[in-house]
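The values are calculated or read from the model by the stated rules, or taken from the named source; none is laboratory data. Quick caveat, the model's predicted, so the values are computed rather than measured. No Cβ is skipped: glycine too gets one built from the backbone with ideal geometry, and neighbour counts run over all protein chains shown. The area values use the complete protein model at the heavy-atom level, side chains included, leaving out ligands, DNA and RNA. Shrake-Rupley method; radii C 1.70, N 1.55, O 1.52, S 1.80 Å.
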Amino acid sequence: MALENAVIAYVAELGVTAAGSRAAPGVYVDGAKLASVGLRIRRGASYHGLALNVSLDPAPFERINVCGHRGLAVTRLADHVARFADPGAVGRAADGLTPHLLRELKFGLDAGERGYSAINTDLQAVNSR
């Protein structure tokens, strides 16, 4: 829930109303998924991930059951805040989201100043086969 809450707080700062869901974990805007959250514990290690849809092409998601849910719509930050439609959007979104993640994950607000990076912005393609 901390990962979801960080995204909700960040997009609220941008004027977007979002909410989490216990039925299908993630962050939603008007019923469409804006961010996905994944958690796993394996061999005593915790793996976690957060995928915020910033400016990706949503078309491939129309060919799959998003997160295993038939008919689940996907949205992106660029659909709600025009300045996230350009090529530098992912980096700006990461910069804006980082303080919220650090706060929710209890790193403290000064963690970013000490060089903590809460986000890996490596782009990954969606395999829609």
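Starting from the 7 Å offset along Cα-to-Cβ, what nm value, one decimal, do you get for the label separation of residue 1 and residue 62?
3.6
Within the P(r) computed for the stretch 42-91, what percentage of the Cα pairs occupies the region above 18 Å? Kindly include the intermediate steps, with their values, before the conclusion.
Working: 568 of 1225 pairs.
Considering the stretch 42-91, 46 percent of its Cα-Cα pairs are separated by more than 18 Å.
With a probe of 1.4 Å, find how much accessible area the stretch 27-83 has per residue, and write the answer as a whole number in Å². Could the numbers behind the result be given before it?
Working: 3610 Å² over 57 residues.
Solvent-accessible surface per residue comes out at 63 Å².
Rounded to the nearest 0.05, what FRET efficiency do residue 86 and residue 106 have when you use their Cβ-Cβ distance and R0 = 30 Å?
Numbers: r = 33 Å, r/R0 = 1.10.
With a Förster radius of 30 Å, E is 0.35.
For the ranges 2-8, 13-19, what's the packing order if you count other beta-carbon atoms within 10 Å of each residue, average per peptide, and put the highest first?
Working: 2-8: 21.3, 13-19: 14.0.
Per-residue mean Cβ counts within 10 Å order the peptides as 2-8, 13-19.
Could you tell me the distance between the Cα centroids of the stretch 1-52 and the stretch 78-102, to the nearest Å?
Cα centres, the stretch 1-52 to the stretch 78-102: 15 Å.
At residue 46 and residue 73, where each label point lies 7 Å from the Cα along Cα→Cβ, what is the point-to-point distance in nanometres?
Here the modelled spin labels are 3.4 nm apart.
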